[in-house]
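All remarks here apply to the structure that follows.
The values are calculated or read from the model by the stated rules, or taken from the named source; none is laboratory data. For clarity, every value in this text was computed on a predicted model and none was experimentally measured. Every residue, glycine among them, receives a Cβ derived from its backbone with ideal geometry; neighbour counts consider all protein chains shown.
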Protein chains: 2
Amino acid sequence: MKLHEKAIMPKGFKCASKNCGLKDKGNDLSVFYSEVRANAAGIFTKNKFPGCPVILGREIIKNGLLRAIIVNSKVSNVGTGRQGIENARRMAIAVSKEFSVPQNEVIMSSTGVIAKPLPIEQIEKGVKGISKLLNDDPIAGAEGIMTTDTYPKALSVSVDDAVITIIGKGAGMIEPNMATMLVYILTDAEMETPVLDDMLRKAADKSFNMLSVDTDTSTSDTCLIMANGLAGKVDEKRFSETLQFACIEMTKMLARDGEGATKLLLANILGAKTEDEAKFIAKAIINSPLVKTMAYGADPNIGRILMAIGKCTACEIQPEKIEIKVNNKLIYLNEARVDFDEAEVRKLLSGDYVEITANLNVGTGQATAYGCDLTEGYIEENAAYYSS
Amino acid sequence: MKLHEKAIMPKGFKCASKNCGLKDKGNDLSVFYSEVRANAAGIFTKNKFPGCPVILGREIIKNGLLRAIIVNSKVSNVGTGRQGIENARRMAIAVSKEFSVPQNEVIMSSTGVIAKPLPIEQIEKGVKGISKLLNDDPIAGAEGIMTTDTYPKALSVSVDDAVITIIGKGAGMIEPNMATMLVYILTDAEMETPVLDDMLRKAADKSFNMLSVDTDTSTSDTCLIMANGLAGKVDEKRFSETLQFACIEMTKMLARDGEGATKLLLANILGAKTEDEAKFIAKAIINSPLVKTMAYGADPNIGRILMAIGKCTACEIQPEKIEIKVNNKLIYLNEARVDFDEAEVRKLLSGDYVEITANLNVGTGQATAYGCDLTEGYIEENAAYYSS
């Protein structure tokens, strides 16, 4: 499978973004729109302080049908009580009027600072006339949903005559339990809602749910898929595999652009007792501040990988059976560090891609988790995010 | 209860430290010694990659008797296989000879880099003659066990005629499951081993087990207590309470000196469904990189506290019931941010002590967790720890 060199819109989808005054600079409002009614499914954060758009969104998605998605950045509409629910609803009403589509076929997301009231009047004013800005470049939509992302993210892949396009954002507060920050998947394939829903969950489990930038789970995580059918039927198995491939590619893109990140970090666990244990351990490695700083410093301090595996105290771990590789170079075997050339390992770690593979040799469970290094950039970004 | 202004040794205890060549500068070898046999108990890391001293130590402590503790810093003797076990044993043998005490009454710890062979000959040479350096200042012993600590840590408190003295170290790789990095508790009170063991576990549960600097669980965490009885019997209840007080004070000292830390971070959870849920949520707050950077930046971005509470998806959380205070100032109530003065909250956060209190109002469980902020200092320290 191969990504398109440049993201394109599937048939019948358009998007737009603009500045409606929430941010001083850059776009802060995006719309994704299908010219015909699309089957749709969605998954949301498990955070117990869900944002108002998530609370409403869970209801809206039950219909399994969508025409448009409206997203604002800068203010997340979380921890804002009943007024927040009302404001989220007003976002859908505004889009429903602007595009003449049913209100219950519009879903909304908000991302940004928590516990600040949503400036709904500005958003309503922004929605007016946004239909005239609609265009075919997914990047245009990606631009309005960014918070601390350093660039807008979109990718496309083909399956039969259909296209799957993913627009995503997310740089910090990322350890999804259900989905990552904000991800919108658009396709012109024809797919029934229950099938879409099932495929989305399976793909997210291998991709967005295995991503962690900083262990913090957003209150707004949302992943939506819209399938408008304009490219006709496609092979279900191929579609499902392609969807998973595309979700993993977007996951890597999000990981690599984690706040302050300089490199993509992958942890593969093989031979775990169960798949769940493999996932847990892979996440522990990806989340360990000491492994993350080791990767950042390109320091061959590989004991930290042992530590991160060992702290998974509920998992089956037998130190004497474990083999560990870094970027395919064997570094730990038979209960001892392999006598490797430190300069060589330092070089392996100094690229922008660090892949840690541990075979636990106690079963057949396997999993891959995605993350990034931890740098001064993360601190700078987050010690003064609010006021910026 | 009040700490002594300066830590002192309980009757019959002495300590010493020196440089035996593991570190370029500073002491790297310490001994804690009781002139008479002491009852003893210990708790160790739950990490599944335990260090060789931990593996051996678990056996030695079963006797419930100790005369001496030998500790080296710089190299941790973890992930070193059978040779590592043999080297740990040789540390005890060397002390047994130097002090003419039974070998099975000597316990050892090693702290530092993981998966490097222990330079046992240097340590054996260092132990020779160390008995001549014994003195009455606990700080002398604390100096030899430091790794990235910025100062040696010891404290004393009196209970009846007895003294409890705690010597500790720990700055990174700290989220104990049983105890923190290295903590040695010495007392001249007379206490039976099973009582000591029980009191130690209870005190650690409220103190060291509630400490987290970076979510990473050391492979070497060890907490030992020796009671040599030279001050006679003391009231058990008072002793237990005093021990807990002293352990909490040492926990705060360790938290405040976390790698790169500029402030102590406390999270109090009240009104949780159970004590376990209170502990879990308190730890989630203390461990959240976004809460930690908020504290560092003194940024009144209090939504991050909601996020950290909400990500405890297995706990009973009802957003509409939650009240949150920062340094005793109410900031969140009735599902909305209290309309506070941002400059005032910024000032509260800018000191070297940040206390977050959340009342969940769903039960009676409560807990306090201890940690620190996350700064560039942590990154600097850990991106090049190994090679330093």
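Can you pull out every residue in segment B:101-129 that is without any contact (Cβ under 8 Å) to a residue 60 or more places away in the chain and in a helix (DSSP H, G or I)? Across segment B:101-129, the qualifying residues are B:103, B:104, B:120, B:121, B:124. Candidates in segment B:272-285 are the residues that are within 12 Å of chain A (Cβ to nearest Cβ) and surrounded by 24 or more Cβ atoms within 10 Å (Cβ to Cβ); of these, the one that is nearest to the chain's Cα centre (by Cα) is B:283.
Against the condition out of contact with any Ser or Thr (no Cβ under 7 Å at 6 or more places or on another chain), more than 9 Å from chain B (Cβ to nearest Cβ) and crowded, with 23+ Cβ neighbours inside 10 Å, how does residue A:246 come out, does it pass? Taking the combined requirement at face value, the residue satisfies it.
For segment B:371-379, the criterion of being among the aromatic types (Phe, Trp, Tyr), closer than 25 Å to residue B:248 by Cα and facing another protein chain (nearest Cβ under 9 Å) is satisfied by at least one residue.
One residue alone among A:100, A:96, A:73 is farther than 24 Å from residue A:205 by Cα, touching a helix residue (DSSP H, G or I) at 6+ places or on another chain (Cβ under 8 Å) and either in the same structural domain as residue A:149 (by TED's automatic domain parsing) or of a type outside the set (D, E, K, R) (or both), and that residue is A:96. Among strands (runs of 3 or more DSSP E) entirely within segment A:1-100, having at least 1 residues that are within 14 Å of chain B (Cβ to nearest Cβ) and at pLDDT below 95 singles out A:29-44, A:65-75. With the requirement that a residue be part of a loop (DSSP other than H, G, I, E, B) and either more than 7 Å from chain A (Cβ to nearest Cβ) or of a type in the set (Ser, Thr, Tyr) (or both), what does segment B:313-333 give you? Across segment B:313-333, the qualifying residues are B:313, B:314, B:315, B:316, B:318, B:322, B:327, B:328.
Restricting attention to segment A:296-307, the residues being small (Gly, Ala, Ser) and facing chain B (nearest Cβ under 7 Å) number 2.
Matching residues to (1) modelled with pLDDT of 90 or more; (2) surrounded by 20 or more Cβ atoms within 10 Å (Cβ to Cβ):
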residue	(1), (2)
A:328	yes, no
A:341	no, no
A:355	yes, no
A:374	yes, yes
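Report whether or not residue B:162 is of a type in the set (Gly, Ala, Ser), farther than 30 Å from residue B:260 by Cα, touching a strand residue (DSSP E or B) at 6+ places or on another chain (Cβ under 9 Å) and crowded, with 23+ Cβ neighbours inside 10 Å. For residue B:162, the condition - of a type in the set (Gly, Ala, Ser), farther than 30 Å from residue B:260 by Cα, touching a strand residue (DSSP E or B) at 6+ places or on another chain (Cβ under 9 Å) and crowded, with 23+ Cβ neighbours inside 10 Å - is met. Please find, within segment A:330-353, the residue that is nearest to residue A:373 (Cα to Cα) out of those that are of a type in the set (Val, Ile, Thr) and without any contact (Cβ under 8 Å) to a residue 40 or more places away in the chain. Ranking the candidates gives A:331 first.
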